[in-house]
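Chemist: One structure coming up, written as structure tokens, with questions to follow.
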Amino acid sequence: MPTDWKQSGLKWYWIVPVVILLDQLSKQWVLANFKLYESIELLPIFNFTYVRNYGAAFSFLHDASGWQVWFFSAIAIGISVLLTFWLRKEAVTQWRLNLAFTLVIGGAIGNLIDRLIHGFVVDFLDFYWGTSHFPAFNIADSAICIGAGLLILDSFVNNDSEKKS
């Protein structure tokens, strides 16, 4: 385990506030410029559409009585703390893993802020094909998905050369 934070994955932590800032600025723009369910077609397969997600991924538990806000908030805090702890133990050279952790933390905190302020998450990126729409999402969700993808990739890629650095 690295003894100095500059040699640990914590050196990558600057990505967390960048993700949060981009996420929150984009959501504030949507809230200021769109009415609920208002939509603008940008491409034949992509709209900006303001929707509210009271649940989690794919609106899981969206119709619960409100307790899900605190449940998902606790999960976001717990995962962020755990990943920060793991970042401290990783070598700075483990770029894929460190980037994955910071993207997930930034995304989790971005959506946590929405839950605590609004009681829901602001979603607006709407991809579709014909009449079939993928659930709308946001920048925080994108960061979480990219981070999860990097974690999966990292588990398959040989990191021996990175660990020796």
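Chemist: Only one of (1) outside any helix (DSSP H, G or I); (2) open to solvent by 90 Å² or more (accessible area, probe 1.4 Å); (3) modelled with pLDDT of 95 or more fails for SER65. Which number is that?
Modeler: (3)
Chemist: For the structure I just gave you, tell me whether VAL81 is open to solvent by 20 Å² or more (accessible area, probe 1.4 Å), at pLDDT 95 or above and assigned to a strand (DSSP E or B).
Modeler: Spelling it out, it is not the case that VAL81 is open to solvent by 20 Å² or more (accessible area, probe 1.4 Å), at pLDDT 95 or above and assigned to a strand (DSSP E or B).
Chemist: Scan region 117-132 for residues that are assigned to a strand (DSSP E or B), farther than 21 Å from VAL104 by Cα and out of contact with any strand residue (DSSP E or B) (no Cβ under 6 Å at 6 or more places or on another chain) and report the count.
Modeler: Matching residues across region 117-132 total 3.
Yes or no, residue by residue, for (1) open to solvent by less than 80 Å² (accessible area, probe 1.4 Å); (2) under 19 Å from TYR128 (Cα atoms); (3) out of contact with any helix residue (DSSP H, G or I) (no Cβ under 9 Å at 6 or more places or on another chain):
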| position | (1), (2), (3) |
| --- | --- |
| SER8 | yes, no, no |
| ILE15 | yes, no, no |
| LEU43 | no, yes, yes |
| PHE46 | yes, yes, yes |
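Chemist: Could you please let me know if TRP70 is in a helix (DSSP H, G or I), open to solvent by 20 Å² or more (accessible area, probe 1.4 Å), over 19 Å from TRP29 (Cβ atoms) and free of Cβ contacts under 8 Å to residues at least 24 places away in the same chain?
Modeler: Against the criterion (in a helix (DSSP H, G or I), open to solvent by 20 Å² or more (accessible area, probe 1.4 Å), over 19 Å from TRP29 (Cβ atoms) and free of Cβ contacts under 8 Å to residues at least 24 places away in the same chain), TRP70 qualifies.
The values are calculated or read from the model by the stated rules, or taken from the named source; none is laboratory data. Keep in mind it's a predicted model, so treat the numbers as computed, not measured. Note: ideal-geometry Cβ built from the backbone for every residue, glycine included; neighbour counts use all protein chains shown. In case anyone asks, the SASA skips ligands and DNA or RNA and just uses the protein heavy atoms, side chains included. Shrake-Rupley method; radii C 1.70, N 1.55, O 1.52, S 1.80 Å.
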